[in-house]
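J.: This is the structure, below, for whatever I ask next.
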Amino acid sequence: MSDAVIPPALGPDDLGPDSSPVAYEVGGPENAVAYVTLNRPEYRNAQNSVMTYSLDAAFRKAVDDAAVKVIVLRANGKHFSAGHDIGTPERDFDTYYDNVATLHWDHSDKSGADQRLAREMEVYMGMCRRWREIPKPVIAQVHGACIAGGLMLAWICDFIVASDDTFFSDPVARMGIPGVEYFAHAYALGTRRAKEILFTGERFTATQAAEWGMVNHVVTRDELVAKVDAIAEKMTAMPMQGLFLSKKAVNICEDQMGLRNSMDSVFGWHHYAHAANAESGGDSLGGMDAKSMKASSGAGSGSNVNGSGS
């Protein structure tokens, strides 16, 4: 483990336009749009627990602000998110933060499968499910890399608007793991495309994602902010009750189609994979690390982090 000091997660009162690892500001007509920004660009916005809990604080702040009607999730730097943190000095998988998504025991004094399950139930699966139910529309403004855990953040949003330089992937089958924890693949992509991107580990473009129904709009990088703001402005003209109930109705339909139950089942197989890897090779990630994941995916030069399933 690194000797780096792990910073505390931000609370709602700590958030600001330049705060790290998550920034927060409001704007748009009558300050009705909250902009929540992933702000760990030096690590391609890889998600450690500090970022996760700080994101939750930002979403709570936006929900509690009666003036805010729409939330935009975006990112600073070259990329939206390289996924879960599996290789930075601030990786904090063994650090405990008060649970907010689940009622479960402290993972930090456990080991092996119990540690992984307790943490991922809270930090990954639980948080994403919690955020999917945010009672205000959430737009993902995506650019650059959106890998593995980055997909999870995009998929909890109601709209995804991507720049034409965006690429997506979930390469964790290389670890022997069946996709990231928030397993919405078959619903976001359809079954055939879900299998294709999982079985090959290959990237797919924003244009492909739009053709497959995962992305709402694709624009140039220069047009991205204006496109998202235009959509947000249209939403702010709608009554809050109409927005909330419409979102609730569509989410109910998706759950009736099996999303939640399917996710529960796959989460079990996900943790079987971690345990099987650890039992056979002593490493729950199947011997892969950030550098080898990047190399195997054909990624170019850049940060030492990549997406992962843990």
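J.: In segment 16-37, how many are small (Gly, Ala, Ser) and in contact with a Lys or Arg (Cβ under 6 Å, 6 or more places away or on another chain)?
T.: Final tally of qualifying residues: 1.
Quick grid of which residues meet (1) under 18 Å from Tyr24 (Cβ atoms); (2) of a type in the set (D, E, K, R); (3) touching a residue at least 60 places away in the same chain (Cβ under 8 Å):
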| site | (1), (2), (3) |
| --- | --- |
| Thr37 | yes, no, no |
| Arg44 | no, yes, yes |
| Gln47 | yes, no, yes |
| Ser81 | yes, no, yes |
| Tyr97 | no, no, yes |
| Lys110 | no, yes, no |
| Gln115 | no, no, no |
| Ala118 | no, no, no |
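J.: Looking at segment 217-239 only, could you name the residues that are more than 17 Å from Ala188 (Cβ to Cβ) and open to solvent by 60 Å² or more (accessible area, probe 1.4 Å)?
T.: Those that are more than 17 Å from Ala188 (Cβ to Cβ) and open to solvent by 60 Å² or more (accessible area, probe 1.4 Å): Arg221, Asp222, Glu223, Val225, Ala226, Lys227, Glu233, Lys234, Ala237, Met238, Pro239.
J.: Every residue in segment 29-45 that is of a type in the set (D, E, K, R) and farther than 25 Å from Met235 by Cβ, please.
T.: Arg40, Glu42, Arg44 - these are the residues of segment 29-45 that are of a type in the set (D, E, K, R) and farther than 25 Å from Met235 by Cβ.
J.: Does Val72 satisfy being closer than 20 Å to Ile134 by Cβ, touching a helix residue (DSSP H, G or I) at 6+ places or on another chain (Cβ under 8 Å), modelled with pLDDT under 95 and of a type in the set (Val, Ile, Thr)?
T.: No: the conditions fail for Val72.
J.: Does any residue of segment 152-167 turn out to be under 16 Å from Ser49 (Cβ atoms), aliphatic (A, V, I, L, M) and at pLDDT 95 or above?
T.: yes
J.: To continue, here is another question. If you check every pair at least six apart or on different chains, which have Cβ atoms under 6 Å apart with a residue in segment 244-263 that is assigned to a helix (DSSP H, G or I) first and a residue that is modelled with pLDDT of 95 or more second?
T.: As it stands, the answer is Phe244/Pro135; Leu259/Tyr187; Met263/Phe183, since those pairs meet every condition given.
Table: residues versus (1) among the hydroxyl-bearing types (Ser, Thr, Tyr); (2) part of a helix (DSSP H, G or I); (3) at pLDDT 95 or above; (4) more than 25 Å from His84 (Cβ to Cβ).
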| residue | (1), (2), (3), (4) |
| --- | --- |
| Arg174 | no, yes, no, no |
| Lys195 | no, yes, yes, no |
| Phe199 | no, yes, yes, no |
| Gln208 | no, yes, yes, no |
| Met214 | no, no, yes, no |
| Val218 | no, no, yes, yes |
| Asp222 | no, yes, yes, yes |
| Ile231 | no, yes, yes, yes |
| Met238 | no, no, yes, yes |
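J.: Of all the residues that make up segment 91-122, how many are within 13 Å of Tyr53 (Cα to Cα), assigned to a helix (DSSP H, G or I) and open to solvent by 10 Å² or more (accessible area, probe 1.4 Å)?
T.: 1
J.: Another one. Just one of (1) surrounded by fewer than 16 Cβ atoms within 10 Å (Cβ to Cβ); (2) outside any helix (DSSP H, G or I) trips up Glu30, so point out which.
T.: Going through (1) surrounded by fewer than 16 Cβ atoms within 10 Å (Cβ to Cβ); (2) outside any helix (DSSP H, G or I) one by one, Glu30 breaks only (2).
J.: Another question, then. Can you name the condition, by its number, that Ala66 falls short on among (1) buried (at least 23 other Cβ atoms within 10 Å of the Cβ); (2) outside any strand (DSSP E or B)?
T.: For Ala66, the failing item is (1).
The values are calculated or read from the model by the stated rules, or taken from the named source; none is laboratory data. Everything numeric here is computed off the predicted structure, so don't read it as measured data. All Cβ positions, even for glycine, are placed from backbone atoms using ideal geometry, and neighbour counts span all protein chains on display. The accessibility values were calculated without ligands, DNA or RNA, using every heavy atom of the protein model including side chains. Shrake-Rupley method; radii C 1.70, N 1.55, O 1.52, S 1.80 Å.
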